[in-house]
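The values are calculated or read from the model by the stated rules, or taken from the named source; none is laboratory data. These numbers were taken from a predicted model, which means no experiment stands behind them. Cβ placement follows ideal geometry from the backbone for every residue including glycine, while neighbour counts extend to all protein chains displayed.
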C-alpha cells in the first residue's frame, strides 16, 4: 500500500456539520441533489470533507489525466442536471492541446472532449469504499469523475494519488453561477437570417456548426427556432427514449453525447438493456449506463446538417434554460456517410411511430411504481 505524504489541512469547512446532519437524516440522495438540498455547490460538498474522506488533487490536471492510462480499467461519469453518462474502459490515448486548454481521450470504450481550461479544482474521494477522482469548474459544478473499479490496478491508482495529492490544500472559493439564458424566440440585434440560412446550407463538416452559431450570436435553441423545418423539426418530449428504443430493436449502432461546461462524454455502439424507473429512462449495459430525467426535458429537435459526407442527422434534447441535455447520432467516422438505419429511425420518430417494446417498458415502469 502506498504511503501518502503528511498533509496540512485547512480550517474545517462551515458546511461540514450540515453535511453530517444530512447523512444522519435517512436516505442519502446523489451528490448533486444533496448539494442542492443544502444550498451549496457539489464542489463545496466535497471540499468541506477534506481530511475525512476527500483530499485535494493539485494541478496541472492534464498531467493527472495523462497518468490515468497506467491504472487500467476505470469508470467515467460525465453529467448535467438531467442526464448521467457512465462508461467503463481504459483512459487511453489522452492528448492535450496547450493553446486551447482542451484534451481528448479516444479509446474504444472511453471517448471524451475535455475543456480543461474551465476546470478549477479536483479531489480524491472515498465514499462507501469507492475511490474516485472528481473534477470541478469555477462554479463548483462536477464536470467529470473517474472511478476505480474491481479491475483497476490498485497499486498504480495509489501511486497516481500519491503523486498528485496536494499537501497544502485550501478551501476553494466557488463563484456564483450565471443562470441567465437567452429566449429561443429572440435573436441578437443585427441578426441576418438570410446569411445564417445560407451558411447552414453551406456547412461541410458538423464540427463547423458551433462556430457558425457563435458568429451569429445564437444559442442552440435560437438557431433551431430560426432555421426552419428544412433543417430542424421539433419533436415530442418522449422522442429521445423512442429513438434509443428503436435503436435497440433494430440493432443500430448509435452515438450518445452527454456534456456540461467542462466535458463531453460519448458512447458509440449498440444499446441493449433499457429500463424506465420513475422519471428516469435508463440504459443499463455492462460498459455503458445512461440515466435520463425525461420529466426535465423541455424541447427535443431532429436536426439535419449538410456535410461533405452527406446529410448528418441528430436528435437533441434541451432543458428549460435551452442547455443541451443529450445528443444522439448514428455511429459514424469522418469520411463515412450516415447509417441508413439511423436515418430511418429519425424519420420514424418524426412521424410519431412508437417502438414495439415501448409499451412493455412503460408497463414494467408502472408496475414498479405501484
Failed item, numbered, when residue 300 is tested on (1) in a loop (DSSP other than H, G, I, E, B); (2) in the same structural domain as residue 240 (by TED's automatic domain parsing)
(1)
Is it the case that some residue within region 161-174 is at pLDDT 95 or above and out of contact with any strand residue (DSSP E or B) (no Cβ under 7 Å at 6 or more places or on another chain)?
yes
Going through region 22-35 in order, the residues found to be assigned to a helix (DSSP H, G or I) and under 21 Å from residue 263 (Cα atoms) are 31, 32, 33, 35
Given the options 327, 313, name the one that is in contact (Cβ under 8 Å) with a residue 40 or more places away in the chain and not assigned by TED's automatic domain parsing to the domain that holds residue 32.
327
Could you please let me know if residue 311 is buried (at least 19 other Cβ atoms within 10 Å of the Cβ) and under 25 Å from residue 234 (Cβ atoms)?
no
Specify which of the listed residues (109, 44, 15) is in contact with a helix residue (DSSP H, G or I) (Cβ under 9 Å, 6 or more places away or on another chain) and touching a residue at least 60 places away in the same chain (Cβ under 8 Å).
44
Taking only region 177-231 into account, find how many residues are farther than 24 Å from residue 343 by Cα, touching a residue at least 60 places away in the same chain (Cβ under 8 Å) and exposed (fewer than 11 other Cβ atoms within 10 Å of the Cβ).
1
Can you tell me which residues in region 90-130 are within 17 Å of residue 149 (Cα to Cα), surrounded by fewer than 19 Cβ atoms within 10 Å (Cβ to Cβ) and at pLDDT 95 or above?
126, 130
Quick one: which residue in 33, 27 is modelled with pLDDT under 80, exposed (fewer than 14 other Cβ atoms within 10 Å of the Cβ) and more than 18 Å from residue 55 (Cβ to Cβ)?
27
For residue 328, indicate whether it is touching a helix residue (DSSP H, G or I) at 6+ places or on another chain (Cβ under 7 Å) and either under 21 Å from residue 81 (Cα atoms) or surrounded by fewer than 18 Cβ atoms within 10 Å (Cβ to Cβ) (or both).
yes
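Residue by residue, here is whether (1) out of contact with any helix residue (DSSP H, G or I) (no Cβ under 8 Å at 6 or more places or on another chain); (2) in contact (Cβ under 8 Å) with a residue 60 or more places away in the chain; (3) under 29 Å from residue 27 (Cα atoms) holds:
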residue: 87; (1), (2), (3): yes, yes, yes
residue: 94; (1), (2), (3): no, no, no
residue: 117; (1), (2), (3): yes, no, no
residue: 145; (1), (2), (3): yes, yes, yes
Residue selected from region 2-19 under the condition exposed (fewer than 13 other Cβ atoms within 10 Å of the Cβ) and within 31 Å of the chain's Cα centre (by Cα), by the criterion modelled with the highest pLDDT
17
Residue 279: at negative phi, surrounded by fewer than 20 Cβ atoms within 10 Å (Cβ to Cβ), free of Cβ contacts under 8 Å to residues at least 60 places away in the same chain and within 20 Å of the chain's Cα centre (by Cα), yes or no?
yes
